[in-house]
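The values are calculated or read from the model by the stated rules, or taken from the named source; none is laboratory data. This structure is a prediction, so every number in the text was calculated from the model and none was measured. Cβ atoms come from the backbone with ideal geometry, glycine included; neighbour counts cover every protein chain shown.
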Amino acid sequence: MAEFLAGKHLARVIDGQEQGGGRSRHGRPARRILALITGHEGAVVTELRGLSAWIAALSRSSRNEFIERDPIGVGLYGDIGEFSLREKRDLLASLERTKSRLHLNRVTGATAAFAPLATSAMLPAIRQILRSTNREPGHQSFVGFLLDVLLQGPMLPGLADVLLAIVSDGQWRSDVDALALRAFLHHCPDGAEKTARLETLLADVHAGVIPDPKEELRGILLSSLFPRNVLPSEVWRYLVATEDTQKVIGSCWEFWFQRIPDESSDEEVIGLLDGLRQCLSDVRSALDRWYVRQTPMRLVARALGLSGDVIDVGRLYDWLSVGAVAVPDGRWEYEHHEAARAIRLWLESRPDVQKAVLMEGLRRCPASVESSRQAFDVRNCLYGACRPPDYGLWCLGQAVAIADARLQVAEYLLCEAFKALKDADGNAGLSLGVVAAHVRQNEKLRPVWDLMSSPPGWSEERAERRSYEEEQQQREDEWLDQVRSEVVALEENRAGPVMLFQIARAYFGDLVGFHAEGGPKGVDKLLRGDPDLTRAALAGLKGTIDRPDVPTLEEILDLRKRNRFHYLTLPFLAGLAELDRTSSEDASEWNQAQIRKALVFHFCYPNTDYSPKWYGRLIEKRPELVADVLVTVAASGFRDDGSDSAVFWSLAHNRAHARVARLGSLRLLVAFPTRCTAKQLGSLDRLLWAALQYADQEELLALVDSKLRRRSMNDAQRVRWLACAGLAAPERFGSRLRDFVEGRERRTWHLVDFAFAENLTPAWRPLLATQGLELFIGLLAPFSDPDRDRGSQDGITTPAMWASERVSAMIGELAALPDKDATRTLEELASEPKLSRWRPALLRARDDQLVVLRDAAYRYPDVEQICRTIDDGPPANPADLAALVTDRLYELGHRIRNGNTDDWRQYWNEDRRGRPREPKHEESCRDALLSDLGQSLPDELDAQPEGHYANDKRADIRISCRNFQIPVEIKKNSHPKLWSAMRDQLMAQYSRDPATDGYGIYLVLWFGQVDGHRNPPPPSGVYPDSPEALKARLEEALTPEEARKISVCVIDVSAPSAKPQ
């Protein structure tokens, strides 16, 4: 409401209307109002776009000016419904001109606001755009936007042919093709002709005649033609197998994943399943696509509820078999889809049906060597349903009954009966004796039964297993007896290290079966719930801290060098944990020797998930000791398997370790070996991240420089040191990193591994500024794809996926920086040929960044400035000054041409009779104009001839106010540099001055065609025949961005008798 009311008032100000509805002497220039709401490049700032749009909607006189400045804002936030036909055309043309700067596909969700453009009167303009042969990316985005607008408007049958031509062209982007097809469906009247054209289009798409890389056209066409024209029994032939490298959700996904299983009628569901069964062998590979895989199963779940109890078992088996393709490996325990669950429950509630389905499937199995695999497929059609209670007995009876006719099937059923007995599932009424009795009824089953009941080595295997279990039980009993005999030793802190080690393993959950327990519960479980033994064991662990036989620091480190650890290591750590649990003692108050020993044990035992409370207190209160011990441990050797990188991960990612990282990261890096294993690189990565965040940067860079001098260093490590320096000081090390990595794929992946392949984004990422972002984007983007998803169907994440994700993120970071360096960087990256795949993303980011820059640089005018501008007083800024002067020049031009004092004579030399003879010299004309102009300007403005600008250049007029000014360059229409001076002088020399903010006025004095004065030919075409035509030609030479700052003014000072050229 506030925007509307403000817009209404300002529209009245512009149109010269008084509050009471009357009209003032004249309105205010629209450009003066725009000067208050636009940024440094003349575009409306984000927060004031709504106000701008309402001014455009309510002020007809200034509408085109606002349309040029912000066509999208005018449509999105205002009301274009009342625009005239010409204004709508102007709006559409302005949208097309901004296509390279504003990516219109961003506003497709709001295209309903532009629906008034889609009218029959606009058809010629729309057709012209749609028929254009331009296929450059910006134009394609604009056409996509226009097509989306057409979807919001009324039916326009006259567009059907041109829309279908876009779809058939094969040169448009796939998203534009899809929008054109949707627009065709919207605008083409229903009927036989429309259906025939759609069927032809589907046939061409299916045959590959019309490109459809993302299958958008296929999905839209199927959705339109199914089920009336593409029957349920036929639709499956349009399902094709492709590489599902990316999980794209579009119209094809919508059709197969939603429309078919969820929205088909009951009759269509039956037809779909019957049709799929007929062509299953042809489309089986296509059914493996991620969004189609479960569609048949979902149809089966629906069909069972409709007809499952009334159809014959053969048809039921057909349905179940097509649904089971979702889980071909039979691992139904991992299939949690609700359709699978519904089918499973349906079968479980109908045991007789389940048996009939199994027999139907087995009946279809051929008598061949493949029958075992086919029998597995048959079982798979039961969807993992639980066996009926009498399943084994039923299988046994069926086996005996069909053994003579189908021996292989009978043998399979006999095996199923034995499984039911062995698994104790579906074994009601079953025993070995019962099975044996049934086998005696048909001796053909005897060989299989003998093999199952007494397989080779089976008796020996069972005996060995029983012997092992007995021995294991005996060992546990003996160990428990030993613990009981050592109760006093445990309580007196004299127990053996090996015993304590076993107890400590249970304490930390390291023993098999103890993972969920741990702590006192783990020990209690180990000791079979004996409270006295548990109490003594915990006392023994706690006492380990003070045992005299605990190894010294030197002994611990010596064992670590040999990849070993002492038996008392784990009991010592468990004792500290018990101390934490049972005492409020503060570890930071221990003496230095105790702290060092505790830390050495902690760092030397490879347990990546253990972070006790006592350790947390030490890193908080004694970080210098923690860092010193960590360096001491690392100096004894970095682990070859990289298992110590978990500690270093905390230095890089856990803020609680910040002071430890500050004190120790550089010392740890000094100790890191020049030659390292691949697994040790993870430790290096984390240490470098820690140093980037917390270490002194100059010391870090000096260390990097020293390390890089070592020639024996391999590429993987060298890339990391260079990348670290490139992040810390891209201006010093960026070129070295670029020279070593650029264009080399393997080194690029090492860079990705270091900089980005982390589960958590490294905390140093915000350190990257413009130069660093430019460096890393330039290195990674050539080997990555902007359309690549991180993660694939097989769950594997590749370096290229990481690179794509991080390049996208870094481009986004550049777009968020409110400075001109970021603008320059994005433009340079977008122009780089090797980054062509990223060009659209970079241009979008550039446009977003310009908005960020504009909004950040904008300074809201105060109330006094606003009132002065509205009251036609002194200007608020250079834009306002340019608007005010331009307005006064227009008024002056009107007075010269139409006044009753013949002011045009001031610009001519006259003969004795007062007849105009020839135009005066340019400086005389300037002085005459300046004299009249100065009288119409507010007192606060200073207008001077020959204003001085950069490089000692001089404009014809300089008009200043406070600390800002604008240049006015004057040329006669016969001046030889008429066509070049606006760009070569005004823009290149005068408006570059910071005080002008890029604004300036190009003023041309029109004398017409004067004898003896040759008008310079234009760059193309014929010379304009009027002041208005000359003004239009000059303005055409400006880009939309330039036209916001450079005003063209042509004043007609021609003598009344002067003839036009």
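Structure values in brief
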quantity: Some residue of the range 544-551 being out of contact with any helix residue (DSSP H, G or I) (no Cβ under 7 Å at 6 or more places or on another chain), of a type outside the set (K, R) and free of Cβ contacts under 8 Å to residues at least 40 places away in the same chain; calculated: yes
quantity: Total residues in the range 819-835, condition farther than 15 Å from L779 by Cα and not in a loop (DSSP other than H, G, I, E, B); calculated: 6
quantity: Residues of the range 122-149 classified as at pLDDT below 95, within 17 Å of H187 (Cβ to Cβ) and either among the small types (G, A, S) or touching a His at 6+ places or on another chain (Cβ under 7 Å) (or both), total; calculated: 1
quantity: Residue within the range 585-603 that is exposed (fewer than 15 other Cβ atoms within 10 Å of the Cβ), under 20 Å from N654 (Cβ atoms) and either modelled with pLDDT under 90 or not aromatic (F, W, Y) (or both) present; calculated: yes
quantity: Residue count for the range 944-964, restricted to those that are modelled with pLDDT of 80 or more and either within 17 Å of V1048 (Cα to Cα) or among the charged types (D, E, K, R) (or both); calculated: 5
quantity: Boolean, V327 is buried (at least 17 other Cβ atoms within 10 Å of the Cβ) and modelled with pLDDT of 95 or more; calculated: no
quantity: Qualifying residue in the range 192-207 (condition: out of contact with any His (no Cβ under 9 Å at 6 or more places or on another chain) and in a loop (DSSP other than H, G, I, E, B)); calculated: no
quantity: Scope the range 693-709; condition surrounded by fewer than 18 Cβ atoms within 10 Å (Cβ to Cβ) and not in a helix (DSSP H, G or I); matching residues; calculated: D696, R709
quantity: Count of residues meeting criterion [at pLDDT 60 or above, under 17 Å from V44 (Cα atoms) and of a type outside the set (K, R)] in the range 89-113; calculated: 4
quantity: Candidate set from the range 287-314 (those that are of a type in the set (K, R) and assigned to a helix (DSSP H, G or I)); member that is farthest from the chain's Cα centre (by Cα); calculated: R302
quantity: Close pairs from the range 160-180: first assigned by TED's automatic domain parsing to the domain that holds L150, partner of a type in the set (K, R) and part of a helix (DSSP H, G or I), Cβ under 7 Å, at least 6 apart; calculated: V162/R127; L164/R197
quantity: Residue check for S974: in contact (Cβ under 8 Å) with a residue 12 or more places away in the chain, more than 20 Å from E1041 (Cβ to Cβ) and assigned to a loop (DSSP other than H, G, I, E, B); calculated: yes
quantity: Every residue from the range 884-915 that is touching a Lys or Arg at 6+ places or on another chain (Cβ under 7 Å) and either in a strand (DSSP E or B) or among the basic types (K, R) (or both); calculated: W908, N909, E910
quantity: Y907 vs. criteria buried (at least 21 other Cβ atoms within 10 Å of the Cβ) and under 30 Å from D1011 (Cβ atoms); calculated: yes
quantity: Failed criterion for L751 (all others in (1) modelled with pLDDT under 90; (2) part of a helix (DSSP H, G or I) hold); calculated: (1)
quantity: Residue that is surrounded by the most Cβ atoms within 10 Å (Cβ to Cβ), among those in the range 958-971 that are without any contact (Cβ under 8 Å) to a residue 40 or more places away in the chain and under 25 Å from P919 (Cβ atoms); calculated: P967
quantity: Selected residue [surrounded by 15 or more Cβ atoms within 10 Å (Cβ to Cβ) and under 21 Å from L347 (Cβ atoms)] from D312, D266, D274; calculated: D274
quantity: Checklist (1) in a loop (DSSP other than H, G, I, E, B); (2) within 29 Å of the chain's Cα centre (by Cα) applied to R675, failing item; calculated: (2)
quantity: Options A658, A690, A723; residue that is outside the structural domain of L576 (by TED's automatic domain parsing), touching a Ser or Thr at 6+ places or on another chain (Cβ under 9 Å) and part of a helix (DSSP H, G or I); calculated: A690
quantity: Residue within the range 1043-1060 that is touching a residue at least 24 places away in the same chain (Cβ under 8 Å), touching a helix residue (DSSP H, G or I) at 6+ places or on another chain (Cβ under 6 Å), closer than 23 Å to A879 by Cα and not aliphatic (A, V, I, L, M) present; calculated: yes
quantity: Among the residues listed as A437, A420, the single one being over 57 Å from the mean Cα position of the chain (by Cα) and among the hydrophobic types (A, V, I, L, M, F, W, C); calculated: A437
quantity: Check on E940, acidic (D, E), touching a residue at least 40 places away in the same chain (Cβ under 8 Å) and surrounded by 13 or more Cβ atoms within 10 Å (Cβ to Cβ); calculated: no
quantity: The one condition in (1) closer than 29 Å to F145 by Cβ; (2) hydrophobic (A, V, I, L, M, F, W, C); (3) assigned to a helix (DSSP H, G or I) that L276 fails to fulfil; calculated: (1)
quantity: Breaking point among (1) buried (at least 16 other Cβ atoms within 10 Å of the Cβ); (2) under 33 Å from the mean Cα position of the chain (by Cα), for F226; calculated: (2)
quantity: The range 850-876, residues that are buried (at least 19 other Cβ atoms within 10 Å of the Cβ) and in contact with a helix residue (DSSP H, G or I) (Cβ under 6 Å, 6 or more places away or on another chain); calculated: T869, P875, A876
